[in-house]
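Student: I'd like to ask you about the structure that follows.
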Amino acid sequence: MAKAQTLETRNDVKTNAKQVSIGTLQGCLVDGIDLYNATRQAHWNVKGPHFGSLHKLFEEFYNALQLSTDDLAERIVQLGGTAVGTTQVLAKSTRLPPYPTDLHAGMDHVRALADRYALVAKTLREGIDETDEAGDADTADLLTEQSRAIDKMLWMIEAHLGGDTER
């Protein structure tokens with residue numbers, strides 16, 4: 001991973017830990033923005049017998065994702081980094097597969113989102129370990145909080161699938 005350029009700050013997290021955390025947070029930020037956009041895509045286009053409940057659920061989730069990505073970006077800046085969330089960076093850096101734009105049926109959206117929420121949950125957990133090992137307990141704590149929230153969202157999405165959690 002390339003060394004992140006940092007700005008001067010009085011934050012006393014060690015330089016190496018800052019570098020690890022900024023890189024980890026940036027990856028999580030990009031994935032979080034991509035997940036936000038996928039969830040909005042589903043919200044806008046969902047159809048079928050579960051329209052009302054899914055439309056409302058997806059809106060609740062993308063609003064929560066907007067706040068959580070803001071927290072990630074602000075932590076990057078607190079550590080002296082520059083949070084980058086432009087469309088161009090997002091397209092090049094996301095670790096999520098492209099969200100299909102031809103989906104309409106509610107359960108198709110649920111399956112597509114479940115896969116992506118699971119990926120984000122996995123990378124958040126990896127980030128917890130990375131930042132904790134680097135010595136940045138505060139960033140690890142932030143990622144832990146977000147991991148719990150994403151796990152809850154994933155649980156709620158998967159509940160719509162009943163026993164059908166096939167990938």
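The values are calculated or read from the model by the stated rules, or taken from the named source; none is laboratory data. Owing to the predicted nature of the structure, the values given are computational and were not obtained by experimental measurement. Using ideal geometry, Cβ is built from the backbone for each residue, glycine included, and neighbour counts are taken over all protein chains shown. Heavy atoms of the whole protein, side chains included, go into the accessibility calculation; ligands, DNA and RNA do not. Shrake-Rupley method; radii C 1.70, N 1.55, O 1.52, S 1.80 Å.
Student: Taking GluC sites (Glu not before Pro) as candidate sites, keep only those in a DSSP loop with at most 12 other Cβ atoms within 10 Å, then name the longest stretch of the chain containing none of them.
Tutor: Within the chain, the longest run free of exposed GluC sites (Glu not before Pro) spans 9-165.
Student: Need the list of lysines near LYS14 for cross-linking: C-alpha distance under 25 angstrom, and skip anything on the same chain fewer than eight residues off.
Tutor: Within the straight-line limit of under 25 Å, LYS14 reaches these lysines: LYS3.
Student: On a 0 to 90 degree scale, rounded to 10, what angle separates helix 15-45 from the longest Cα axis of the chain?
Tutor: For helix 15-45, the angle is close to 20 degrees.
Student: Here is a follow-up. To the nearest 20 debye, what charge dipole does the chain have about its Cα centre, counting +1 at the Cβ of each Lys and Arg and -1 at the Cβ of each Asp and Glu?
Tutor: 400 debye
Student: Roughly what % of Cα-Cα distances in the chain sit above 21 Å, to the whole percent?
Tutor: 46 percent
Student: In the chain, what percent of the accessible surface is made up of carbon and sulfur (1.4 Å probe, ligands and nucleic acids excluded)?
Tutor: Accessible surface attributable to carbon and sulfur in the chain totals 51 percent.
Student: Calculate, for segment 60-167, the solvent-accessible area per residue in square angstrom, rolling a 1.4 angstrom probe over the heavy atoms of the protein chains.
Tutor: On a per-residue basis, segment 60-167 sits at 54 Å².
Student: Once amide H atoms are placed 1.01 Å from N in the peptide plane, what residues at a sequence separation of 5 or more from ARG95, or on another chain, have their amide H within under 5 Å of its amide H?
Tutor: Residues meeting the criterion, in which the H sits 1.01 Å from N, are ASP31.
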